[in-house]
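Asker: Sharing a structure below in structure tokens format, with a few things to ask.
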């Protein structure tokens, strides 16, 4: 009888542990999907040449460091800057995002690495840019936002 009780207890604990693991995985998956949706929103905004649409996933006080080292502060400034480039150098551009990793530092903080492949016209010819961004996303009141964004050009391999 004692053996049966121990066996049943072990089975119940294993089942409970399995349910907890499924719940945690499910929650993480929902959070990761929301984070990935933010990257897709940026990509969609860029390809629609819509500064406001591009800036939607950013926190109101976000930090944005451009590939040339310029620093924009806040969603409004990010929107304004992108509206400007979408009407000039990047007006005919296309940018494709590939999420390389999403890593949760805490349940409400994640670091996201994304490769960006940009095509644009300049000087009468098509040019390409390849960059890697590091984003710190935070979850506040159930919503994920980009708190910090750093974009860095990826240099072609084999060259100086």
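Asker: Could you tell me whether residue 90 is over 15 Å from residue 43 (Cα atoms) and either in contact (Cβ under 8 Å) with a residue 40 or more places away in the chain or crowded, with 16+ Cβ neighbours inside 10 Å (or both)?
Answerer: Details: over 15 Å from residue 43 (Cα atoms): no; either in contact (Cβ under 8 Å) with a residue 40 or more places away in the chain or crowded, with 16+ Cβ neighbours inside 10 Å (or both): yes.
No; evaluated as a whole, the condition is false for this residue.
Asker: Quick one: which strands (runs of 3 or more DSSP E) sit completely within the stretch 69-133 and have at least 3 residues that are within 17 Å of the chain's Cα centre (by Cα) and under 21 Å from residue 155 (Cα atoms)? Give the steps one after another, and end with the answer.
Answerer: Numbers: elements: 71-73, 94-106, 109-122.
Once the strands (runs of 3 or more DSSP E) in the stretch 69-133 are filtered for at least 3 residues that are within 17 Å of the chain's Cα centre (by Cα) and under 21 Å from residue 155 (Cα atoms), what remains is 94-106, 109-122.
Asker: Looking at (1) within 24 Å of residue 109 (Cβ to Cβ); (2) free of Cβ contacts under 8 Å to residues at least 12 places away in the same chain; (3) under 16 Å from the mean Cα position of the chain (by Cα), can you tell me which one residue 44 breaks?
Answerer: Among (1) within 24 Å of residue 109 (Cβ to Cβ); (2) free of Cβ contacts under 8 Å to residues at least 12 places away in the same chain; (3) under 16 Å from the mean Cα position of the chain (by Cα), the lone unmet condition for residue 44 is (1).
Asker: So residue 148 clears everything in (1) surrounded by 13 or more Cβ atoms within 10 Å (Cβ to Cβ); (2) more than 11 Å from the chain's Cα centre (by Cα); (3) over 16 Å from residue 37 (Cα atoms) except one condition, right? Which one?
Answerer: (2)
Asker: Do we have any residue at all in the stretch 67-74 that's touching a strand residue (DSSP E or B) at 6+ places or on another chain (Cβ under 8 Å), in contact (Cβ under 8 Å) with a residue 24 or more places away in the chain and either within 26 Å of residue 30 (Cβ to Cβ) or surrounded by 14 or more Cβ atoms within 10 Å (Cβ to Cβ) (or both)?
Answerer: Within the stretch 67-74, one or more residues are touching a strand residue (DSSP E or B) at 6+ places or on another chain (Cβ under 8 Å), in contact (Cβ under 8 Å) with a residue 24 or more places away in the chain and either within 26 Å of residue 30 (Cβ to Cβ) or surrounded by 14 or more Cβ atoms within 10 Å (Cβ to Cβ) (or both).
Asker: Given the structure, is residue 159 modelled with pLDDT under 95 and at positive phi?
Answerer: The answer is no for residue 159.
The values are calculated or read from the model by the stated rules, or taken from the named source; none is laboratory data. For clarity, every value in this text was computed on a predicted model and none was experimentally measured. Every residue, glycine as well, gets a Cβ built from its backbone with ideal geometry; the counts of neighbours run over all protein chains shown.
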